[in-house]
Protein chains: 4
Amino acid sequence: MNFCSDNVSGIHPRILDALIAGNDGNVLPYGEDPHTRRAEARFREVFERDLAVAMMATGTGSNALALSLVASPISAIFCRSGAHLQEHEGGASLMYTNGARIIGIDGRNGLIDPGDLDRVLANFDPAHLLCKPAVVSVTQASELGTVYSLQHLGEISAVCRHHGLRMHMDGARFANALVHLGCQPAEMSWRAGVDVLSFGATKNGAMAAEAVLVFDPALAEGLRARLKRGGLMFSKHRFLGIQFNAYLADGLWLDMARAANARATELADGLARAGTSELLYPVDANEVFVRLPENTLASLEAQGFQFYRRGGGVIRLVFGWNTKPADVASFIDSACKAA
Amino acid sequence: MNFCSDNVSGIHPRILDALIAGNDGNVLPYGEDPHTRRAEARFREVFERDLAVAMMATGTGSNALALSLVASPISAIFCRSGAHLQEHEGGASLMYTNGARIIGIDGRNGLIDPGDLDRVLANFDPAHLLCKPAVVSVTQASELGTVYSLQHLGEISAVCRHHGLRMHMDGARFANALVHLGCQPAEMSWRAGVDVLSFGATKNGAMAAEAVLVFDPALAEGLRARLKRGGLMFSKHRFLGIQFNAYLADGLWLDMARAANARATELADGLARAGTSELLYPVDANEVFVRLPENTLASLEAQGFQFYRRGGGVIRLVFGWNTKPADVASFIDSACKAA
Amino acid sequence: MNFCSDNVSGIHPRILDALIAGNDGNVLPYGEDPHTRRAEARFREVFERDLAVAMMATGTGSNALALSLVASPISAIFCRSGAHLQEHEGGASLMYTNGARIIGIDGRNGLIDPGDLDRVLANFDPAHLLCKPAVVSVTQASELGTVYSLQHLGEISAVCRHHGLRMHMDGARFANALVHLGCQPAEMSWRAGVDVLSFGATKNGAMAAEAVLVFDPALAEGLRARLKRGGLMFSKHRFLGIQFNAYLADGLWLDMARAANARATELADGLARAGTSELLYPVDANEVFVRLPENTLASLEAQGFQFYRRGGGVIRLVFGWNTKPADVASFIDSACKAA
Amino acid sequence: MNFCSDNVSGIHPRILDALIAGNDGNVLPYGEDPHTRRAEARFREVFERDLAVAMMATGTGSNALALSLVASPISAIFCRSGAHLQEHEGGASLMYTNGARIIGIDGRNGLIDPGDLDRVLANFDPAHLLCKPAVVSVTQASELGTVYSLQHLGEISAVCRHHGLRMHMDGARFANALVHLGCQPAEMSWRAGVDVLSFGATKNGAMAAEAVLVFDPALAEGLRARLKRGGLMFSKHRFLGIQFNAYLADGLWLDMARAANARATELADGLARAGTSELLYPVDANEVFVRLPENTLASLEAQGFQFYRRGGGVIRLVFGWNTKPADVASFIDSACKAA
């Protein structure tokens, strides 16, 4: 039983079926095919507005490309200290922005505090540091499994607007956050002030499908050229369009996210009942960070449970669209017995 | 009937079946899965030596990543004038090498002449131009549908070695060239002096699967970091491994390339018999460049044949693994009638 | 007698005296000193308008910095084929723009033809080449010693405006062109449509003093940050300001340029009278390109005349503010005798 | 009286005299002149070994160029948190290395602790962070006015060698550190393990003269091309050579550094006797960081003393080759009276 990440999962059958169905025949490459056109239209429906889309296979590419639209080499990008784009993307945003400075702000439960952000920006001296604050990136759901409320996002956005910054959202787990809040995609993105969104589907049931959604048309110029320049543009582009079409059809993406989130809650609740664990952050989405005794961890590993250790007895457990409730129950049971 | 490019085609059923079969269950991300391991081993078997592999979705990413291993910002990269990496990749190699100069050498039939290359390199003044010749990139099969013979490659390689340059091969259509020559992959790559190979599968029946193969271990350091930095690394990496495994199994890749090449030959032969066309280059692989009268072209287009015009009555026709012989015959028939 | 380049000369005594006089005392660094303030004001007077200035030591830095204000990584920069910025600046503009494509247009006598430019831009396919035409760079005086007339510049500018491009002027020899035309600096720059000017003083009597002048305030944002980021910003900035103040005072810069141009004309006229030479381009500024018999060249070199050979018996002779008329006469005399 | 920085000073008369003397006549550009040759030879004498040199006008250029020789885009550069290259160079090292990660290590008194460095490197996970530790940069004298002992440098070097890293020294105030230690330049650089040195002269009496000294010939390839590419290479290169020749002649550089250091010591001693101040770091070189009561600071400023405030009553005072002992005494006197 593998709880290492949501990207250990395969493709949801309905997306796979769509790939099979869409495989027949010849279509034009580089996005000139009907599947891609439909996916673009679908994004506009789902987000209730016009927007520009770039589709690709990776979340790292998506974040870096998105940031390259709003940050230049003399820009400063702000994110939570330790955010994925700062620490786990191999410097991709440095490459795509050609040297924007990435500045971490200590967060609480994985979320940037609007007051902290405001203080950092108010005290920032562009003349001294020779870079200009350009954009704040929030991760929704956060890397620690927590979710910004709409009010929280609105406050961040207000700080951004006050200081003249753009707002980017790393939505690698956008769906998991969305179903937690129970709101509309538009509310959690452009209506909350997001200018550019990295919209992820890979972790939540697709094969390899990420999109940059640009809500401000002025930012979208050069989107296609930048996509190509990064080596991110599919030639058989239909296979990106097909994934998104199936993903967004009939609420599949929301159903998958709800299932994943439910598993996380089940685990957290189960361990809480057992009483020997310490939960590190609220469980809003599909990740649980919990501290367990070393002998419990060793016993769980010996039984074949897979997860990432974070030091000090803390482990991260991530749940996917395909995680079985029985596996979660089994983990809880084993953890209780081992305690 | 779409002859615009080989990337208008879908996925070969055996590769698609492999994707379906490999979809079940959870595996570790980022290449730590058994499918990827098997593909890496398979590449070593097919190329009969140890090598390093990076897999990704796009040929542009593959070329740019490959060149970043052998060229620095103060390097000069040589290719045929108008080569894909120079003109159709959106400056990706500039981005990945951070500014290497790309210098085109006029070719004959899409191929660099060793004598021309030698002259260019002998007359190159690094002190004056402030960049150092670092690598020659050859496209095999070339962008004009021709193929370097092994002897030709050996002569290019000799010039490279003489001047201290590395050799890169853009093998977006590696298979089409290979079956034309009827030789082994090793012969057409590292034994012919190639240090780094961009190995393409997408055009020839895969969904989105390209690999950088590094034959000199000294060049492979940082390969993984550079893959991630470019946003090219799949999280659900198995789906790249699966494609390559099926592609390379039981000679499928060679069969598909043979079929595509055969269609090109059939077309060229058929038009030659008709007598009203002018073939621009030898038809070695799966592309045909031919000049036809304008009324013939207009008639063909009116009947629904799709192809790219190149000016002056020249069109490019590309054939894929799935092009039907009947479609080729139909094109010839229509062209003859229209003439 | 060294006719290799105008940068073989030293500093004009009046500029040197100013450096000596301005050396006393302590002043704030990084441009906060009175000399720099005065130079900035002086540039505004000389160019009869508000503008932003960045000062530095090198022309390569100046061109690259200027272009980085108007070109992004997905931009195309157009210049004459073989222009200094394309061939002799070590890829600096690639570095500072992070990968803009530099596209050469064949010129006549070193000058871009407006009709050629218009045709290139009209036929440019941004979607295909995945870069957007952003700026045309003209070199005034050109690398071949010729000068754009005001009408010629206006025609180039009209083409730029028609296609939505910015206009940059590489004015490494701005003064030499200016005195040839006998017009005002404003006429030959922003009134002629130039948005950003690389204004050179080094070749014309300064020690190391070049400036980027930005006429459109919207382009100047980040100028200072980019100057620092390139490592171009002097800490003891006064020494740049001092040079420009003395250079621009009392018409010194124009006097020096007139002297240099006069030497070039004397040489061209002298050789024309002798009759054995072939002049390659009109002599508008301070450079002469002339073809002489090999035995003449050998004889001149044997007598200690220094110049650069360009192949085929063509040599380049460049004259500085300090070239002595007697040296020019001596060259003519020797060339005639050797013929 | 201006204690803001050592770069508020002008040029030492002997260096200025050399510039005047060397101004006559024509010499070849771009470093092919006798002054530059002599300076290169002089560096070899002073450092008692063969080495490669690149000369330029700025310390930021010097650091960035030096680091570009030892760090690639997938490298990690380590320095003290808050080191000049990390915080005050506008991202120049990001630009020149094209995206190397710059990682700060908390220091003590401005110096990196070898044990801390070893721990950071031992725990560094290149596979996780996708960048490889490549170089440690030490600032000698440090930004806080302290100096690494030879033993301390040796320990840093040993850690570097143990982990396979190169060692860079930011020697913007190399001379101030050298006279404090009373050792030879070789001992404080390559014999202590330094591979690449940014050697500063500007702050210590030159006009604008900084050099990258490369002790390992394998690292020097492309030095000249990178210098040009950055826009750092002087055309009238003699004026860099002349500055260094005069700077290094007859111990002038050491005399100037001794004078500046002496002023710092006088100030620290004077304030210590007065008793109302708190010295923050040992005064090894020519900088003093001291905390004074707000009314004292206000009084000093009102009397025209200039210095930078650092918050919490802390000020930085920097002394140059030309600081008058009387000015230091005056500051002490005023500070005592104001207390």
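The values are calculated or read from the model by the stated rules, or taken from the named source; none is laboratory data. Since the structure is predicted, the reported quantities are computational estimates derived from the model, not experimental observations. So basically every Cβ, Gly included, is an ideal-geometry build from the backbone, and we count neighbours across all protein chains shown. Heads up: the accessible areas ignore ligands, DNA and RNA and are worked out on the full protein's heavy atoms, side chains in. Shrake-Rupley method; radii C 1.70, N 1.55, O 1.52, S 1.80 Å.
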(Q) I want to verify the translational diffusion coefficient of region B:212-275 in µm²/s; compute it with Stokes-Einstein, Rh as the Kirkwood radius over Cα pairs, at 25 °C and 0.890 mPa s. (A) 159 µm²/s
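Taking the square root of 5 times each eigenvalue of the Cα gyration tensor, what semi-axes in Å does the equivalent ellipsoid of region C:271-317 have, largest first?
Each semi-axis is √(5λ); the values are 17, 12, 10 Å.
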Q.
I need the per residue convex hull volume for region D:198-248, using only the alpha carbons, in cubic angstrom as a whole number.
A. 89 Å³
**Q.** Under-5 Å amide H pairs with A:I112, H placed in peptide plane, nonlocal only
**A.** none
Q) In the Gaussian network model of chain C, springs joining C-alpha atoms below 10 Å, which of C:G193, C:G59, C:G304 carries the largest mean-square fluctuation? A) C:G304
**Q.** Expected-Rg normalisation [2.2 N^0.38 Å, Cα atoms] applied to region D:168-209
**A.** 1.12
(Q) Can you give me the C-alpha center-to-center distance between region B:260-299 and region A:269-339, rounded to a whole angstrom? (A) 65 Å
Q | Two-decimal ratio, region B:149-270, of alpha-carbon radius of gyration to 2.2 N^0.38 Å | A | 1.17
Q. Which of the aspartates and glutamates could a cross-linker bridge to A:K228, judged by Cα under 16 Å and excluding same-chain residues fewer than eight apart?
A. A:E32, A:E210, B:E87, B:E89, B:E210, C:D125
Q) Within 10 Å of each Cβ of B:232-242, how many other protein chain Cβ atoms are there on average? A) 6
Q) Copy-to-copy spacing for B:R291, label 7 Å out on the Cα-to-C-beta vector, in nm, shortest first? A) 3.3, 8.0, 8.6
Q: From zero up to wherever the largest Cα-Cα distance of region A:84-223 sits, split into 5 Å bins and tell me the percent of pairs in each.
A: 2, 9, 18, 24, 22, 16, 6, 2, 1, 0
Q: Could you tally the net charge around D:A71, taking each other residue with its Cβ under 13 Å from the Cβ of D:A71, Lys/Arg +1 and Asp/Glu -1?
A: +3
Q. Got the C:L279 label distances to the other copies yet, label 7 Å along Cα→Cβ, in nm, shortest first?
A. 5.6, 7.3, 8.9
Q.
Within 10 Å of each candidate Cβ there may be at most 16 other Cβ atoms; applying that plus a DSSP loop requirement, which GluC sites (Glu not before Pro) in region C:18-67 survive?
A. C:E32, C:E48
Q: Could you state the orientation-averaged shadow area of the convex hull built on the Cα atoms of the protein assembly as shown, in nm² to one decimal?
A: 52.6 nm²
Q. Mind listing the Cα extents of region D:31-89 along all three principal axes, in Å, largest one first?
A. 39, 22, 20
Q: Find, to one decimal place in angstroms, the Kirkwood hydrodynamic radius of chain C, where the mean of 1/r is taken over every pair of different Cα atoms and then inverted.
A: 20.6 Å
Q.
Considering all alpha-carbon pairs of region C:1-67, what whole percent are spaced by more than 20 angstrom?
A. 50 percent
Q: For region C:36-153, evaluate the Debye formula with one uniform point scatterer on each Cα (no solvent term) and list log10 I(q)/I(0) at q = 0.10, 0.14 Å⁻¹, rounded to two decimals.
A: -0.35, -0.67
Q: Give the distance, in whole Å, between the Cα centre of region A:57-109 and the Cα centre of region D:58-136.
A: 18 Å
Q.
Nearest 5 percent is fine: what portion of the DSSP beta bridges confined to region C:32-159 is antiparallel?
A. 10 percent
Q: Over chain B, calculate the relative contact order: mean separation of alpha carbon pairs under 8 Å at least 6 apart, over the residue count, as a percent.
A: 24 percent
Q: Apply the Karplus parameterisation 6.51 cos²θ - 1.76 cosθ + 1.60, with θ equal to phi minus 60°, to every residue of region D:252-261 and state each ³J(HN,Hα) to the nearest whole Hz, in sequence, with x for glycine and proline.
A: 3, 4, 6, 4, 5, 5, 4, 5, 5, 4
Q. Just C:A172, C:A257, C:A218 to compare: in a GNM of chain C, with alpha carbon springs under 10 Å, which one fluctuates most?
A. C:A218
Q: State, to one decimal in nm and shortest first, how far the label point of A:C336 sits from each corresponding label point in the other identical copies (label point: 7 angstrom along Cα-to-Cβ).
A: 7.9, 8.1, 11.3
Q.
So for region B:210-339, averaging the separation of alpha carbon pairs under 8 Å that are six or more residues apart and normalising by length, what relative contact order in percent results?
A. 25 percent
Q) Are there residues in region D:71-102 whose accessible area shrinks by at least 30 Å² when all protein chains are included rather than the chain by itself, and which are they (probe 1.4 Å, ligands and nucleic acids not counted)? A) D:P73, D:I74, D:E87, D:H88, D:G90, D:L94, D:M95, D:N98, D:R101
Q: May I ask you to derive the relative contact order of region C:129-207, considering only C-alpha pairs under 8 Å and at least 6 residues apart, and to give it as an integer percent?
A: 35 percent
Q. How much net charge surrounds A:D125 when only the other residues with a Cβ under 12 Å from the Cβ of A:D125 are counted, with Lys and Arg +1 and Asp and Glu -1?
A. 0
Q | Number of partner chain Cβ atoms within 10 Å, mean per residue of C:18-26 | A | 5
(Q) Just to check I understand the Karplus step: with θ = phi - 60° and J = 6.51 cos²θ - 1.76 cosθ + 1.60, what whole-Hz values come out for region B:101-109, glycine and proline as x? (A) 7, 9, 10, x, 10, 4, x, 10, 6
Q) What average number of partner chain Cβ atoms lie no more than 10 Å from the Cβ of the residues making up D:57-65? A) 5
Q | Reachable lysines, given that their alpha-carbon falls under 29 Å from the alpha-carbon of C:K324 and they are not under 8 places away in the same chain | A | C:K203, C:K337, D:K236
Q.
Ratio of alpha-carbon Rg to the 2.2 N^0.38 Å globular estimate for region D:197-339, to two decimals, please.
A. 1.34
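How large is the translational diffusion coefficient of region B:113-157 in µm² per second when you combine the Kirkwood radius over alpha carbon pairs with Stokes-Einstein at 10 °C and 1.306 mPa s? Could you put the intermediate results ahead of the total?
On the way: Rh = 12.0 Å.
Answer from the Stokes-Einstein relation: 132 µm²/s.
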